[in-house]
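**Q** Here it is: the structure, laid out below.
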Amino acid sequence: MIDFVGKRRWFFLISLVVIVPGLVAMIYSTVTTGSPLRLSIDFTSGSLLELRFEQVVPASEVRDVYVDRGFLDTTVQSADDGRTVFIRSKQLDQETKTAIVGELRERFGDAEELRYESVGPTVGREVTRAATIAVTVAAAAILLFIVYSFRGVPNAVRYGICAIAAMVHDVLVTTGMFSIMGLVAGWEVDALFLTALLTVVGFSVQDTIVVFDRIRENIPKRRGEPYELVVNRSLLETLHRSLATQLNAMFVLVAILFFGGATMKQFVATLLVGMISGTYSSLFSAVPLLVVWQTGEAEAWVRRIFGRPAHAAS
């Protein structure tokens, strides 16, 4: 039998290696831009214009048209076909927008306006507030549900806290990845990102509860076995189910990532990274964390770091 639980320190190290670069990126982004993630016009007032030209158009030259009119922080992204451009800028009044589109058509030929959005910062605040409340309520509901469902197991509250810890792990991995991509590729957080994040939270918790439920079932069946062995057995019994469920969804997301539209790529990439992290954390973060807590190993670590060595304690 493969001893996954016995390798828990390696799993904790892997999580640390993955999360730390994202935290560094968020800190750097906060210092340089004032926000841990680059915010789209869903969160800051601004305008989004999507145009499709009849010929390939250089994004830099499209941006020059905006810069010449004083919109220095304008960003322009080209789709895969090179003819479609996504232009994000400060708020435009109708007259300025008409003039800019007219100048673009004069320089690059006829263009079809696919989308134009103008959003104020109030929308972003409302969306963020709603998402924060949703995650907080979900965490509290998860904790209460697990404590009630696992009431026959000693220290049931620990199972709930470990499930929430795995959820936080996935949120940090996903937001860290997005922060890095924001610095490297200019990715911006929009309402779709929050949708993806909430979906990741749901998948993560579902997988964790499945593993914990098997542990709960095996504890009375394996009374003579050490807790660590019971947990490892439960993990192996649910491993194939977790991987089969998540891999099916991941294959679909990979297909959409490669063959879907350009406007969907960030949303799909966020979902994909979150689901990979959720699968990993449910099996190799939440479960090992539960083991080190239940066996007293976590207390020993804390005493070694902040106090006397555990073996010297009276």
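Bear in mind that the values in this text are calculations on the coordinates, not laboratory data. These numbers come from a predicted model, not from an experiment. Counting neighbours? That spans all protein chains shown, and the Cβs are built from the backbone with ideal geometry, glycine included.
**Q** Please give the calculated 222 nm ellipticity per residue for the chain, where each DSSP H segment of at least 4 residues contributes -39500 (n - 2.57) and the sum is spread over every residue; nearest 500 deg cm²/dmol?
**A** Calculated mean residue ellipticity at 222 nm is -23500 deg cm²/dmol.
**Q** Scan [x] 63; [y] 40; [z] 51 for the value of percent of Cα pairs over 28 Å apart calculated from this model and give just the label.
**A** [z]
**Q** Work through the residues other than Met181 whose Cβ is under 10 Å from its Cβ and net out their charges, Lys, Arg +1 and Asp, Glu -1.
**A** 0
**Q** Provide Thr270, Thr84, Thr195 in ascending order of the number of other Cβ atoms located within 10 Å of each residue's Cβ, fewest first.
**A** Going from sparsest to densest Cβ surroundings: Thr195, Thr84, Thr270.
**Q** Could you run the Debye sum over the Cα atoms of the stretch 46-119, one equal point scatterer each and no solvent, and tell me log10 of I(q)/I(0) at q = 0.16, 0.25 Å⁻¹, two decimals?
**A** Log-scaled intensity ratios, in q order: -0.47, -1.27.
**Q** Once you place label points 7 Å from the Cα toward the Cβ at Val252 and Glu106, how far apart are they in nm?
**A** Computed distance between label sites Val252 and Glu106 equals 4.9 nm.
**Q** Can you tell me, using C-alpha contacts under 8 Å and at least 6 residues apart, the relative contact order of the stretch 46-119 as a whole percent?
**A** With pairs under 8 Å counted, the relative contact order is 50 percent.
**Q** Helix check for the chain. Which DSSP H runs span at least 18 Å along their own axis by Cα, with a mean Kyte-Doolittle hydropathy no less than 0.0?
**A** What comes out of the filter, once short or polar helices are dropped, is 8-33, 121-149, 156-185, 191-221, 227-259, 265-284.
**Q** Could you give the length gained on full extension between Arg69 and Val184, defined as 0.36 nm per residue of separation minus the Cα-Cα distance, in nm?
**A** Between Arg69 and Val184, full extension yields an extra 38.7 nm.
**Q** Quick check: the distance between the Cα centres of the stretch 264-289 and the stretch 55-134, to the nearest angstrom?
**A** About 32 Å separates the Cα centre of the stretch 264-289 from the one of the stretch 55-134.
**Q** Remind me, relative contact order of the chain in percent, using alpha carbon pairs under 8 angstrom and six or more residues apart?
**A** Relative CO of the chain lands at 22 percent.
**Q** Counting other C-beta atoms within 10 Å, which of Met250, Met177, Met264, Met275 has the fewest, and how do the rest follow?
**A** Met264, Met250, Met177, Met275
**Q** If I take R0 = 22 Å and measure r between the Cβ atoms of Gln94 and Ala131 in this structure, what FRET efficiency does the formula 1/(1 + (r/R0)^6) give, to the nearest 0.05?
**A** 0.10
**Q** Net charge within 14 Å of Ile276 by Cβ-Cβ distance, Lys/Arg positive one each and Asp/Glu negative one each, not counting Ile276 itself?
**A** That sum, taken over residues with Cβ under 14 Å, equals -2.
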